[in-house]
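Throughout, read-outs are computed from the coordinates displayed, never taken from laboratory work. If you're wondering where the values come from, they're calculated on a predicted model, not measured in any experiment. Methodologically, a virtual Cβ is constructed for each residue, glycine included, from the backbone with ideal geometry; neighbour enumeration extends over all protein chains shown.
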Amino acid sequence: MKKLHVITRILLAVAVLSMLAAYKLPMWEIHLWAPQYPEGLNMKIWLDHLSGDFDIINGLNHYIGMALIKEEMFPEFTYMGYVLGFLIFMGMLPVIIGRRVFLLIFVALLFIAGGLGLWDFYRWGHDYGHNLDPKAAISVPGMTYDPPIIGYKNLLNFTAYSGPDKGGWILIIAGAITVALFAWELWRFRKNRRKDNGIAACCTLLGAVLLLPGCENGPQPIAFGKDSCAECNMTLVDKRFGAEFITGKGKVFKFDDVNCMVEFIKREPHVSDSSAKRFIVAFNEGGALTESDSLVFIKHKGLRTPMRSQVAAFRDKASAQATLDDLGEGGVFLTWEDVMNAFPAP
């Protein structure tokens, strides 16, 4: 018997029909932050057009020789709506017919569509970031500007983020539900056969790898003026300072000063497991977050930090030294281990 369970058909119908929302919501987003743009620049990619600050981004990219971003450079806009419509149609077939083979076909199509979509975005980004005008005003030998496929990336003085937007998340969740339903159907019909059990496990793993690429624990941009410190409850306002702690399970805690994060970690040692991540705001980079182990720290009594840690972080030693020179004598360099030891447990 290979008929789908009625619960599978109902849940699958809800998941597939929810994909219709992608026609009215942005699919992907790209954010850029820099000292001169602390609030960030945003570009959204829809099924058939672009929106956001891509005109400003074009003006900036012109100086480094990158091509203008315009809708004409995306031929995908002419057929992506039809592709989504075809996927929705194929997703409703197992709901209507109720046969497991049609659910298998739909799962395979989701994998193919997701893989081709990521490859197409990578291909565009590689071409966009490599083909530069040799006569550009700013030229850095050997430098390329490929945007990240998913996640964060530093490009000169900009921090770039790329990831799914509302419409994209709806498709990812619908795909994950579909894969989970298919795995459950395999398990339901396995009849204690180890082979079927292995197939279900493989399908679940493939769903996690191919349909949920955005689950990596990366830093969340700090909303200065809105976010509160998890330790002292003060609002984060100074873009030269700040920190973020992400547990191994992905829970995010934000802090207005590095000593607040250190005291939090020492008081709550269970959150500081081997997969936890620590990010610190670099002093002169407009609020951009960088992993603590790759930063250089200084301590100087002249640094007016939010909670009097007198510690600032820098991406390189030259920037740190320049700030020490401006502050005068009395400062020292620190490693992250030094910072952890500088503040006792509360």
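Structure notes:
- Percent breakdown of C-alpha pair distances by 5 Å bin, ordered from the shortest bin, for region 306-346: 5, 19, 29, 25, 15, 5, 2
- Applying 0.36 nm per residue to the separation of H130 and K249 and subtracting their alpha-carbon distance, the gain on full extension is 39.2 nm.
- Relative contact order, percent, region 10-95 [alpha-carbon distance under 8 Å, six or more residues apart]: 30 percent
- Gained length - H5 relative to I105, 0.36 nm times residue gap less alpha-carbon distance: 34.3 nm
- Available extension along the chain between I56 and E72 is 4.0 nm, counting 0.36 nm per residue and deducting the alpha carbon span.
- Global geometry of region 284-327, whether rounded, prolate or oblate, following the gyration tensor of its Cα atoms and the 1.5 cut on a/c: oblate
- Kyte-Doolittle mean at least 0.5 and Cα axial length at least 24 Å: DSSP H helices in the chain: 80-97, 100-130, 166-188, 194-211
- Each of L236, L93 was scored by other Cβ atoms within 10 Å of its Cβ. Arranged with the fewest first, they read L93, L236.
- Helical runs (DSSP H, four residues minimum) scored at -39500 (n - 2.57) apiece and divided by the length of the chain put the mean residue ellipticity at 222 nm at -13500 deg cm²/dmol.
- 20 Å-binned pair-distance histogram of the chain (Cα, whole percent): 25, 46, 26, 3, 0
- Under 5 Å between amide hydrogens, built in the peptide plane, is the criterion, and for Q220 it picks out nothing among residues at least 5 positions away or on other chains.
- DSSP loop trypsin sites (Lys or Arg not before Pro) with at most 15 other Cβ within 10 Å excluded, longest remaining stretch of the chain: 71-134
- For the chain, the dipole from Cβ point charges (+1 on Lys and Arg, -1 on Asp and Glu) about the Cα centre works out to 2040 debye, to the nearest 20.
- The alpha carbon convex hull volume per residue for region 1-72 rounds to 157 Å³.
- Once both labels are positioned 7 Å from their Cα atoms along Cα-to-Cβ, the gap between F189 and D293 label points is 4.6 nm.
- Efficiency of FRET between K153 and D326 - r from beta-carbon atoms, R0 41 angstrom, step 0.05: 0.85
- Reachable lysines from K239, criterion Cα separation under 26 angstrom, eight or more residues apart if same chain: K44, K153, K226, K251, K254, K266, K277, K299, K301, K317
- Volume per residue of the convex hull around the Cα atoms, evaluated for region 243-342, comes out as 90 Å³.
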